[in-house]
Ligand code: ZN
């Protein structure tokens with residue numbers, strides 16, 4: 001796909017009409033206007049055509065899918081519109097485990113050129129096989145996503161996601177490269193070196209988990225640097241973990257950057273499913289990944305505008321297409337227009353993974369709610385841990401937080417603890433004990449932060 005404009009606001013002359021004219025153009029520019037700005041009717045038409053072809057293809061090429069479709073009495077030839085999708089059974093994480101590693105592949109294994117996998121911390125990993133066309137699609141949706149964030153050809157992207165089986169680093173590298181940016185393939189870890197590279201290579205975009213960006217800022221500060229003043233960073237491309245708006249604000253203030261959110265899953269393609277535009281709205285790449293919202297308890301499809309569990313169907317993927325994959329993530333989708341010019345549907349931030357949901361004394365608790373309470377408590381740093389204790393069926397929670405160095409030195413930490421407890425109570429109506437512990441005593445992560453631990 002040829003981008004609409006290669007001009008970057010950063011590379012243009014600072015003054016004059018020329019810049020203003022082009023600035024107006026670039027500020028609304030889309031990577032792939034032919035698909036990102038389709039009318040609602042044209043988008044549905046495209047999705048519907050792709051869905052029919054997909055169902056026919058999986059039916060013919062994969063025994064498991066054929067059996068599931070036969071059991072549900074869905075004939076590929078009877079797929080007339082997107083509404084018929086409702087008749088197709090869901091695909092769950094458990095299904096993926098049962099057919100580990102290649103049972104759901106819909107092409108000859110010979111056609112697979114690349115394989116990724118999730119960490120598999122809670123069982124068999126989820127395996128993502130890609131054909132050459134799948135890899136190309138991935139580069140395309142990642143380029144689109146990063147371009148929506150504002151990444152341009154003139155940028156220097158420090159890619160501090162972990163390389164390896166995990167999709168993260170590879171997806172961001174592919175997308176940034178397709179835009180034509182300079183990609184620094186440093187990977188995660190070795191944080192002092194990250195700081196040096198940020199300075200020496202004048203990185204303008206940092207791609208990593210949000211929590212790792214805070215750790216890099218912490219190390220930069222220890223080295224006597226001011227993250228907001230001593231670097232060229234202007235954008236953060238963050239994903240792979242859930243983070244509250246307050247953590248986002250904290251990252252933006254510390255680094256003096258715009259922090260953009262990315263959402264994706266190994267089961268769907270990796271990062272590149274959803275990303276954020278200049279209006280801070282999360283657009284779903286719905287021409288490739290068809291979204292639905294369902295009631296997580298009944299499986300019933302809900303109208304857009306309701307909160308529920310996100311379900312995705314990959315419309316064009318070859319090796320490992322997913323039909324109605326249940327993400328376990330709760331969100332809301334709207335078809336509101338966005339002034340960025342994209343007509344792709346807009347998703348709310350993820351409220352929480354249904355898997356992360358805890359029930360404590362009858363109260364539904366998401367870790368993000370506790371994070372939100374802590375972040376409005378003065379003197380609390382970005383580092384905290386939720387401790388989940390199970391006694392029989394009873395779950396109880398407590399929280400450990402690190403105060404900022406300054407606040408720690410002031411003492412009277414019981415006041416901070418009480419204030420944090422009150423903020424949590426205000427949000428959850430639940431008493432959760434908070435303990436203030438010495439700064440830097442919670443282990444830092446260079447990848448996904450482990451905010452909830454079981455003791
Ligand atoms: Zn937008």
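Couple of notes before you dig in:
- Matching option when the condition is out of contact with any strand residue (DSSP E or B) (no Cβ under 7 Å at 6 or more places or on another chain), free of Cβ contacts under 8 Å to residues at least 24 places away in the same chain, over 30 Å from residue 191 (Cα atoms) and assigned by TED's automatic domain parsing to the domain that holds residue 328, among 70, 83, 136: 136
- In the stretch 190-224, of all residues being over 20 Å from the mean Cα position of the chain (by Cα) and assigned to a loop (DSSP other than H, G, I, E, B), the one that is farthest from residue 134 (Cα to Cα) corresponds to 224.
Every residue, every condition in (1) crowded, with 16+ Cβ neighbours inside 10 Å; (2) under 26 Å from residue 450 (Cα atoms); (3) modelled with pLDDT of 95 or more, yes or no:
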{"residue": "175", "(1), (2), (3)": "yes, no, yes"}
{"residue": "189", "(1), (2), (3)": "no, yes, no"}
{"residue": "195", "(1), (2), (3)": "yes, yes, yes"}
{"residue": "198", "(1), (2), (3)": "yes, yes, yes"}
{"residue": "202", "(1), (2), (3)": "no, no, yes"}
{"residue": "213", "(1), (2), (3)": "yes, yes, yes"}
{"residue": "220", "(1), (2), (3)": "yes, yes, yes"}
{"residue": "231", "(1), (2), (3)": "yes, no, yes"}
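- Condition met for residue 265 (in contact (Cβ under 8 Å) with a residue 40 or more places away in the chain, more than 16 Å from the ligand (Cβ to nearest atom) and within 12 Å of the chain's Cα centre (by Cα)): yes
- Scanning the stretch 329-338 for residues that are surrounded by fewer than 17 Cβ atoms within 10 Å (Cβ to Cβ) and either in a loop (DSSP other than H, G, I, E, B) or near the ligand (Cβ under 7 Å from one of its atoms) (or both) yields 335, 336, 337.
- Output for the stretch 269-288, where each listed residue is within 23 Å of residue 340 (Cβ to Cβ) and away from the ligand (no atom under 16 Å from the Cβ): 269, 271, 272, 288
- Only one of the numbered conditions (1) within 16 Å of the ligand (Cβ to nearest atom); (2) in contact (Cβ under 8 Å) with a residue 24 or more places away in the chain is violated by residue 308, and that is (1).
- If you go through the stretch 395-408 and pick out every residue that is loosely packed, with under 15 Cβ neighbours inside 10 Å and either within 25 Å of the chain's Cα centre (by Cα) or in a strand (DSSP E or B) (or both), you end up with 2.
- Pair list, Cβ < 7 Å and 6+ apart or interchain, from the stretch 412-441 residues that are without any contact (Cβ under 8 Å) to a residue 12 or more places away in the chain to residues that are part of a helix (DSSP H, G or I): 431/421; 431/425
- The residue pairs whose first member lies in the stretch 270-297 and is on the phi > 0 side of the Ramachandran plot, whose second member is outside any strand (DSSP E or B) and within 16 Å of the ligand (Cβ to nearest atom), and whose beta carbons are closer than 6 Å, counting only pairs six or more residues apart or on different chains, are 272/141; 272/145.
- Scanning the stretch 339-394 for residues that are within 16 Å of the ligand (Cβ to nearest atom), in a loop (DSSP other than H, G, I, E, B) and in contact with a strand residue (DSSP E or B) (Cβ under 6 Å, 6 or more places away or on another chain) returns 342, 344, 345, 348.
- Residue check for residue 451: buried (at least 18 other Cβ atoms within 10 Å of the Cβ) and free of Cβ contacts under 8 Å to residues at least 40 places away in the same chain: no
- Condition met for residue 379 (without any contact (Cβ under 8 Å) to a residue 60 or more places away in the chain, at positive phi and touching a helix residue (DSSP H, G or I) at 6+ places or on another chain (Cβ under 9 Å)): yes
The values are calculated or read from the model by the stated rules, or taken from the named source; none is laboratory data. All values reported here derive from a predicted model rather than from experimental measurement. Note that we place each Cβ from the backbone using ideal geometry, even for glycine, and neighbour counts take in every protein chain shown.
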